[in-house]
Amino acid sequence: MSTTKKQMNSKRIISRCPNCNIILFHSGETCPLCHCVTQETEKEETDRIIDLFGDDAPYPDVEGRLRKLRLALRVILLIFVLAELLMILINKVTTVSYPWSFITGVALLYIYLSLKYWVDHDSGFASKVGLQIMITICLLFAIDSCTGMRGWALQWAIPGVLLLGDLVVALLMIINRSRWQSYILLLLLTGIISLFLIILYFAGRIESVVMPLICEVVTCLYLFVLILFGGRKAEHEFSRRFHI
């Protein structure tokens, strides 16, 4: 090994998990597999590892990905705060006197804390985001039903949650670009629920279709762009999910 390369290697921080015995090319304090506290390797072992594997890490640099996810969480928090302010404004200017915007704020806080937990315990986001959206929708509808069925959940709160879901999916697609197609099914679910709300409007069950219509248009445009530019990945995902 050349002197220059040895000097560069001496500055590299490589750690090893004493439990899994995997090598990590970063200074993270815990193992991404078992969350055991890692140990930094000695200089001689560091040189030997780089001689053996080169400059590429035997295990992915999870710290870089976690930094991106935490940045996305901060962006999501900002979006949620702005969304809740909008919900409060809508609650004030509409004829619905019940303070439903407080409930949507609690729901958004619940979603954010759930996302934060998933980032700290990194694992499959698409199904978990979809599950949390469905739980939130059921919660909002149940609260509306128990408080006199004033219609705020179906007309404003649930479509708002679906739109926020679209934004969360967009951020996750950007972060996890190699697996963006795994979120297509979640977008289809959002489109189906929005369409159901529009059908309720034409059936005379809700008074306003503004938010459901906005959500349906945004989701359909989103899906159209993904299908148009997604190429083989999008085709493979539809084939895998629906056998078409």
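The values are calculated or read from the model by the stated rules, or taken from the named source; none is laboratory data. Values in this document were obtained by computation on a predicted structure and should not be read as measured data. Cβ coordinates were reconstructed from backbone atoms using ideal geometry, including for glycine residues, and neighbour counts include every protein chain displayed.
Just give me the residues in region 210-244 being under 11 Å from D166 (Cβ atoms) and among the polar types (S, T, N, Q), in sequence order.
Residue satisfying the conditions is T219 alone.
So which of L24, L71, L66 ends up being closer than 24 Å to I175 by Cβ and modelled with pLDDT of 75 or more?
Only one candidate qualifies: L71.
Filter region 135-157 for residues that are among the aliphatic types (A, V, I, L, M) and in contact (Cβ under 8 Å) with a residue 40 or more places away in the chain; which is surrounded by the most Cβ atoms within 10 Å (Cβ to Cβ)?
For region 135-157, the residue satisfying everything is A157.
Let me spell it out: the conditions are (1) farther than 14 Å from T104 by Cβ; (2) out of contact with any Gly (no Cβ under 9 Å at 6 or more places or on another chain), and L139 meets all of them except one. Which number is the exception?
Answer for L139: the failing condition is (1).
Looking for something part of a loop (DSSP other than H, G, I, E, B), charged (D, E, K, R) and either touching a strand residue (DSSP E or B) at 6+ places or on another chain (Cβ under 9 Å) or without any contact (Cβ under 8 Å) to a residue 60 or more places away in the chain (or both) - is there at least one such residue anywhere in region 179-187?
Within region 179-187, none of the residues are part of a loop (DSSP other than H, G, I, E, B), charged (D, E, K, R) and either touching a strand residue (DSSP E or B) at 6+ places or on another chain (Cβ under 9 Å) or without any contact (Cβ under 8 Å) to a residue 60 or more places away in the chain (or both).
What pairs come up if the first residue lies in region 79-102 and is in a loop (DSSP other than H, G, I, E, B), the second is of a type in the set (G, A, S) and at pLDDT below 85, and their beta carbons are under 9 Å apart, counting only those six or more places apart or on different chains?
Y98/G148
I'd like to check something: does region 228-236 contain any residue that is modelled with pLDDT of 85 or more, of a type in the set (F, W, Y) and assigned by TED's automatic domain parsing to the domain that holds L162?
Yes: region 228-236 contains one or more residues that are modelled with pLDDT of 85 or more, of a type in the set (F, W, Y) and assigned by TED's automatic domain parsing to the domain that holds L162.
Is at least one residue of region 146-164 part of a helix (DSSP H, G or I) and out of contact with any helix residue (DSSP H, G or I) (no Cβ under 8 Å at 6 or more places or on another chain)?
Within region 146-164, one or more residues are part of a helix (DSSP H, G or I) and out of contact with any helix residue (DSSP H, G or I) (no Cβ under 8 Å at 6 or more places or on another chain).
Looking only at region 167-185, filter to residues that are closer than 18 Å to T136 by Cβ and surrounded by 21 or more Cβ atoms within 10 Å (Cβ to Cβ); which one of those is modelled with the lowest pLDDT?
Looking at the filtered set, the residue picked out is L172.
Which condition number in (1) more than 20 Å from L77 (Cβ to Cβ); (2) of a type outside the set (D, E); (3) at pLDDT below 85 is the one that P159 fails?
Among (1) more than 20 Å from L77 (Cβ to Cβ); (2) of a type outside the set (D, E); (3) at pLDDT below 85, P159 violates only (3).
Could you tell me whether I135 is farther than 21 Å from F102 by Cβ and either small (G, A, S) or assigned to a helix (DSSP H, G or I) (or both)?
No: the conditions fail for I135.
Run down S194, S239 and say which single residue is of a type outside the set (D, E, K, R), surrounded by fewer than 16 Cβ atoms within 10 Å (Cβ to Cβ) and part of a helix (DSSP H, G or I).
Testing whether each residue is of a type outside the set (D, E, K, R), surrounded by fewer than 16 Cβ atoms within 10 Å (Cβ to Cβ) and part of a helix (DSSP H, G or I) leaves just S239.
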